[in-house]
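S.K.: Right, I'll just put the structure down here and ask away after.
Values in this text are rule-based calculations from the coordinates and carry no lab data. This is a predicted model, so every value here is computed, not measured. Cβ: placed from backbone, ideal geometry, glycine included. Neighbour counts: every protein chain shown.
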Amino acid sequence: MQKLEKIAEELSRKINEQVASKEQSQEMIRQVEKIVKEIVKSEFRLKRTLRDNEITNAVLKNTITELERQNEIIEKQSKFKEELFASISHELRTPLHGILGMSQLISRTDMSEKQTNFVNVIKGSADNLLVIINDILSLTKMNAGKIELVERPFYLPDFLKEIEGVLKLKAEEKNLFLRLEVAPDTPKNIVADHIRIYQILINLLNNSIKFTEKGWILLKIESLAKRGDKADLLFTIEDTGIGIEKEKQEQIFEPFSRVHDLEGGVIEGAGLGLNIVKKLMSLLGGKISVESKYGSGTCFKLYLTCKILDGEVAEITDTAIDEIEIPSTWKDLRFLYIEDNPTNILYAKHLFLEWNIEIDIAEDCAKSREKLKNNKYDCILSDVKLPDGNGIDLIREIRENFNSPNYQTPVLILTASASEHERIITEAINIQSYMGKPFRPTHLIKEMKRAIDNYQKDGSEPTYKIPMSSEPVGKNKYFTLLYKNFGKNLSVVKEMLEIFKTQIPVTLEKLEKHHNDKNYEGFYFEIHRIKSTIKIVGLPQLLELAMVMERDTYEAADVTMISDYLDKFKKQAAIDIHIIEAELERLSKNVA
Amino acid sequence: MKTITLSGHSVADLSEKINQSITADFKPTLAISFGSVKCDLVAYVKIFNDHDIQLFGASSAGEFINEDRKEESIVVLLLDMDPAAFAVYHQEADFGTSFSAGHKLAKFGLDKFKDPIFLVTFSMTINGEGVIAGVHDLIPREKIFGGMAGDDFAMQATYSFTNDQISPSSLTGLVLDGDKIQVDGVAFCGWEPIGGKNRITKSKDNIVYEINGQPAMDVVKGVFGNFYETLENHDVLMGAAQYPFQMIKDGKYVLRAALYSNEDDGSLILAGPVEEGQEFRFSVAPGFEVIDDTLEKFKEFAINKPKPEAVILFSCKARHMSLGPLVEDELAGIHEIWGKDMIGFFTYGEIGMDIDGNSNFYNETCSLVMISEK
């Protein structure tokens with residue numbers, strides 16, 4: 001029995017051991033399963049994290065593409081808006097030109113006092129409308145970021161004379177004393193976008209005249225500090241006008257902000273001028289402030305930092321023309337006016353008749369070509385938009401045709417189009433002047449005088465003409481700096497021209513390649529490099545184009561027009577090489 | 001109210017378990033059940049008819065019972081609820097008649113109870129948003145919960161069923177008497193928008209033809225590439241459900257997952273309707289922290305709410321695809337909050353209530369329902 005009990009005990013122990021072992025095994029299996037589950041989860045975590053990253057990258061890439069697409073649409077819309085406004089401006093300015101022109105002509109005829117008053121109202125209204133159209137255009141361009149700053153050297157005293165010329169009469173009509181001065185020790189040769197500064201000052205001074213009934217208006221320019229080649233300039237525009245209420249002084253720079261006269265009436269205008277001024281100042285990197293005592297006057301202060309130059313700059317500055325009398329020699333000159341608008345033609349015919357100057361009229365490109373082929377003119381006035389083409393293209397044709405009798409004839413472009421590109425193109429193909437329509441007779445005379453005088457300076461030969469062997473060395477507008485620096489050693493001049501002549505085809509090839517590869521960084525560096533050489537050699541038209549392309553390709557800022565500019569650059573380079581060859585030939589004789 | 005949860009992979013297995021569960025102390029009156037289309041649903045339904053237990057159920061795309069996830073199985077929650085406190089409703093319907101079906105369901109509920117509360121399941125041919133609109137047309141802001149039936153992601157036919165009907169084109173409702181039964185619920189999502197805004201430029205009902213003026217399929221393929229590819233010789237989109245459109249409507253976001261594509265016209269068929277001109281952003285599954293976030297939100301929601309006797313969960317299949325095996329952590333966590341009987345299934349769309357108490361038709365959410373007798 002005891003034995004049996006022992007056996008049973010032993011069996012029981014073994015069974016318990018086996019049960020324990022089985023439980024242990026099951027527990028181990030559970031643990032392993034748990035670990036496997038955790039491994040599976042970890043693997044899934046890893047895979048999903050990788051996939052999420054992939055997806056996130058794809059979505060972000062797609063978002064960027066979509067944003068680029070939307071940006072493209074916005075740009076297209078913006079361009080359409082700009083073109084629409086430019087077109088509207090053209091459509092508005094052309095009839096306005098007719099109104100202003102005809103009212104000018106009527107006012108020169110015998111009229112009763114009542115009629116004179118009516119005509120003055122027409123003129124005044126048309127003037128106001130013109131200002132509003134110009135303001136709206138400026139604002140549209142600025143809002144679209146389309147205002148391009150073009151820095152150029154200019155001479156402050158001449159610049160002020162120009163402003164004075166425009167405003168003097170207006171001030172005198174109201175018996176106001178207009179004083180424009182440059183303080184002593186102020187740098188006179190400035191490098192800045194003088195067109196924008198002009199626009200700002202004219203706007204503020206016009207306001208001063210408008211809001212001042214008696215007293216004076218002052219524009220003073222002074223230097224606050226000089227730092228290397230820069231000066232901090234202060235432009236003060238002060239008047240004894242109606243002033244601005246204190247609470248309105250912050251609002252006046254807002255668009256459509258209007259002021260009231262002392263009787264509480266609203267002063268006419270769209271209320272855009274000061275908004276434009278503020279935006280332009282911001283574009284120029286400057287600041288504007290206003291101080292005013294209501295009823296006593298207003299003082300605007302403009303703070304602007306400009307580059308300054310020393311020495312010879314005055315000679316490349318725009319020359320101010322004080323006199324607007326018609327030179328007696330003009331009666332012997334031949335003028336061609338290319339214009340399709342009958343009102344404008346009538347207006348011009350009467351003006352020229354009044355000035356006792358003969359003028360030919362061509363209504364389209366075809367007739368113009370015929371006249372330009374068979375006649376040598378002394379000055380061409382041309383519209384841009386013509387029924388069968390473009391006035392600028394027409395001028396380009398004659399500029400590129402060495403056999404044309406009008407190859408070098410001064411050209412004045414008259415247009416209602418406000419496109420900035422057209423202005424640049426105009427400058428690039430050697431057009432002497434560009435003015436917007438409607439024009440005033442005095443402005444037209446002034447611009448024609450500028451073009452013709454420039455052509456006839458130092459005698460009967462054009463200053464920009466291809467140098468002929470009879471011309472004194474270095475007296476043309478080409479090669480100015482070259483002769484200034486190396487004029488005493490003509491062999492250096494000759495050598496530099498020869499080097500440049502071989503360098504330019506290589507550069508053109510590189511530019512072409514960069515353009516085809518859309519490598520705008522390479523394009524920028526190439527054009528930047530050749531630009532300084534062009535400057536030293538002295539090729540003004542080519543330099544202008546190089547500057548434009550350099551600006552547009554800097555960090556690929558705006559490459560939309562590069563193709564056009566490159567074409568023009570190539571054409572201008574071909575002309576300039578022809579000029580260099582002529583100069584080299586002449587130098588060979590002189591040097592030898 | 002007593003409850004029991006059961007699960008099995010075969011009808012025979014379940015039949016035996018149900019037989020064993022019915023005792024003198026527990027005589028179930030209602031069964032809520034979700035099961036794979038691979039099971040013999042006809043034989044399955046017969047079990048409940050034999051035991052005179054009312055049945056409310058749907059086919060599924062994966063099931064869960066308490067803390068466990070199942071596949072190709074059937075799960076059931078048996079309740080001995082007062083038969084006077086509930087009623088089961090069935091209505092044949094399609095996408096176009098969803099509103100009307102919802103409206104009829106609401107009328108059925110109102111005829112039965114003064115304060116009806118609805119649990120619904122429906123086939124994928126039904127517009128969940130239409131059902132809600134139909135119910136709310138009669139009973140504004142009524143509580144509705146539920147899920148679109150699944151078919152183990154075969155995307156062929158999904159069924160809702162009762163004792164009498166197993167239909168691939170129907171709406172089935174379990175209407176509870178709000179005076180006797182306490183029902184609370186909430187749905188959480190966690191999907192995150194990504195990328196910029198897009199616009200549906202051409203659509204009809206739940207079919208999107210164009211996005212941003214381009215064929216819809218081109219746009220999503222451009223963004224998600226092979227994640228939006230279809231199966232070979234099949235129009236079912238693989239993976240796309242995980243990257244739903246986050247629709248922006250009245251300043252609020254509703255997710256819509258793409259289920260199918262039509263290669264002929266480049267259109268996408270979504271799991272719910274959208275409106276032409278509506279803006280949306282693409283969205284991506286959140287990180288795994290969404291599990292903890294969801295559990296925290298459910299816990300917060302449960303504060304001051306009566307403790308449930310049973311929990312029903314409708315969780316999106318895309319959520320399962322996105323969280324993978326970690327979805328079990330979410331299920332286990334939810335079960336742990338109350339420790340009560342819980343069943344549910346992976347759906348093709350969920351009806352649930354947001355935190356402000358508004359019922360919506362969702363995708364990618366986890367919609368929770370808590371039930372107890374008052």
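S.K.: Taking loop as defined by DSSP and a crowding limit of 14 other beta carbons within 10 Å, which trypsin sites (Lys or Arg not before Pro) in the stretch A:175-218 fit?
M.R.: A:214
S.K.: Also, I was wondering about something else. What's the angle, to the nearest 10 degrees (0 to 90), between helix B:128-138's Cα axis and the longest principal axis of chain B?
M.R.: Approximately 60 degrees, to the nearest ten.
S.K.: Same structure again: Kindly write out, for the stretch B:320-327 in residue order, the coupling ³J(HN,Hα) from the Karplus curve 6.51 cos²θ - 1.76 cosθ + 1.60 (θ = phi - 60°), rounded to whole Hz, with x marking Gly and Pro.
M.R.: 4, 4, 7, 8, x, x, 6, 5
S.K.: Another one. For chain B, what is the convex hull volume of the alpha-carbon atoms per residue, in Å³?
M.R.: Considering the Cα atoms of chain B, their hull volume per residue is 125 Å³.
S.K.: Report D for the stretch A:61-148 in µm² per second (integer): Stokes-Einstein, Kirkwood Rh on Cα pairs, 25 °C, 0.890 mPa s.
M.R.: The calculation lands on 155 µm²/s.
S.K.: Let me ask you something else. Provide the gained length on full extension for the span residue B:205 to residue B:21, in nm with one decimal, where the gain is 0.36 nm per separating residue minus the Cα-Cα distance.
M.R.: My answer for the length gained is 61.7 nm.
S.K.: In 5 Å bins starting at 0, how do the alpha-carbon pair distances of the stretch B:270-374 split up by percent?
M.R.: Calculated P(r), rounded to whole percents: 2, 11, 20, 24, 21, 11, 6, 3, 1, 0.
S.K.: Among B:247, A:111, B:370, what is the fewest-to-most ranking by other Cβ atoms within 10 Å?
M.R.: Fewest to most other Cβ atoms nearby, the residues stand as A:111, B:247, B:370.
S.K.: At a Förster radius of 51 Å, what calculated FRET efficiency corresponds to the Cβ-Cβ distance of residue B:157 and residue A:13, to the nearest 0.05?
M.R.: 0.25
S.K.: Taking R0 as 35 Å, what's the FRET efficiency between residue A:170 and residue A:366 from their Cβ-Cβ distance, rounded to 0.05?
M.R.: 0.25
S.K.: Dividing the Cα radius of gyration by the Kirkwood radius, what Rg/Rh value follows for the stretch A:162-224?
M.R.: 0.99
S.K.: Here is a further query. Express the relative contact order of the stretch A:147-316 as a whole percentage, based on alpha carbon pairs under 8 Å and six or more residues apart in sequence.
M.R.: 26 percent
S.K.: Sticking with this structure for a sec: Which FRET efficiency value, to the nearest 0.05, do you get for residue A:528 and residue A:570 by plugging their Cβ-Cβ distance into 1/(1 + (r/R0)^6) with R0 = 22 Å?
M.R.: Numbers: r = 18 Å, r/R0 = 0.81.
Working from the Cβ atoms, E equals 0.80.
S.K.: Please give every one of the aspartates and glutamates within straight-line cross-link reach of residue A:446, meaning a C-alpha to C-alpha distance under 12 Å, and leave out same-chain neighbours fewer than 8 residues apart.
M.R.: A:162, A:322, A:323, A:325
S.K.: Hey, another quick one. To two decimal places, what compactness ratio does the protein assembly as shown give when its Cα radius of gyration is scaled by 2.2 N^0.38 Å?
M.R.: 1.47
S.K.: P(r) for the stretch B:99-241, please, calculated from all Cα pair distances in 5 Å bins and given in %.
M.R.: 2, 8, 13, 16, 16, 15, 12, 9, 6, 3, 0
S.K.: Compute the relative contact order of the stretch B:192-284 as a whole-number percentage, counting only Cα pairs closer than 8 Å that sit 6 or more residues apart in sequence.
M.R.: Relative contact order here is 39 percent.
S.K.: Report D for the stretch B:119-158 in µm² per second (integer): Stokes-Einstein, Kirkwood Rh on Cα pairs, 4 °C, 1.567 mPa s.
M.R.: D, rounded to a whole number, is 117 µm²/s.
S.K.: If you consider only alpha-carbon coordinates, what radius of gyration and Dmax does the stretch B:57-142 have, in Å?
M.R.: 14.8, 39
S.K.: Simple spin-label model, 7 Å along Cα-to-Cβ: residue A:185 to residue A:490 in nm?
M.R.: That separation, rounded to one decimal, is 4.7 nm.
S.K.: Sticking with this structure for a sec: With contacts defined as alpha carbon pairs under 8 Å and 6 or more residues apart, what's the relative contact order of chain B in percent?
M.R.: For chain B, the relative contact order is 20 percent.
S.K.: For residue A:204, what charge total do you get from the other residues with a beta carbon under 15 Å from its beta carbon, if Lys and Arg give +1 and Asp and Glu give -1?
M.R.: Summing Lys/Arg as +1 and Asp/Glu as -1 gives +4.
S.K.: Still on this structure: Which pairs break 29 Å Cα to Cα here: A:226/A:449; A:76/A:385; B:2/B:104; A:230/A:535; B:107/B:202; A:287/B:197?
M.R.: Result: A:226/A:449; B:2/B:104; B:107/B:202; A:287/B:197 exceed 29 Å.
S.K.: With a point put 7 Å past each Cα toward its Cβ, work out how far residue A:397 is from residue B:50 in nm, to one decimal.
M.R.: In this crude spin-label approximation the distance works out to 10.2 nm.
S.K.: Still on this structure, please answer the following. Sorted from largest to smallest, which semi-axis lengths in Å does the alpha carbon gyration tensor of the stretch B:259-299 give for its equivalent ellipsoid, taking the root of 5 times each eigenvalue?
M.R.: Numbers: eigenvalues 201, 34, 20 Å².
They are 32, 13, 10 Å, listed largest first.
S.K.: Taking N as the number of residues in the stretch B:192-284, what is its alpha-carbon radius of gyration divided by 2.2 N^0.38 Å?
M.R.: Expressed relative to 2.2 N^0.38 Å, the Cα Rg reads 0.96.
S.K.: At 37 °C and 0.692 mPa s, grab the translational diffusion coefficient of the stretch A:147-316 from Stokes-Einstein with a Kirkwood Rh over Cα pairs, rounded to a whole number in µm² per second.
M.R.: The calculation lands on 198 µm²/s.
S.K.: Ok, one more. Please compute the average number of Cβ atoms from other chains found within 10 Å of each residue's Cβ in peptide A:45-58.
M.R.: What the average comes to for A:45-58 is 4.
S.K.: Rg to Rh ratio, the stretch A:480-591, alpha-carbon atoms and Kirkwood radius? Walk me through the numbers on the way to the answer.
M.R.: Details: Rg = 14.8 Å, Rh = 14.5 Å.
Checking Rg against Rh, the ratio lands at 1.02.
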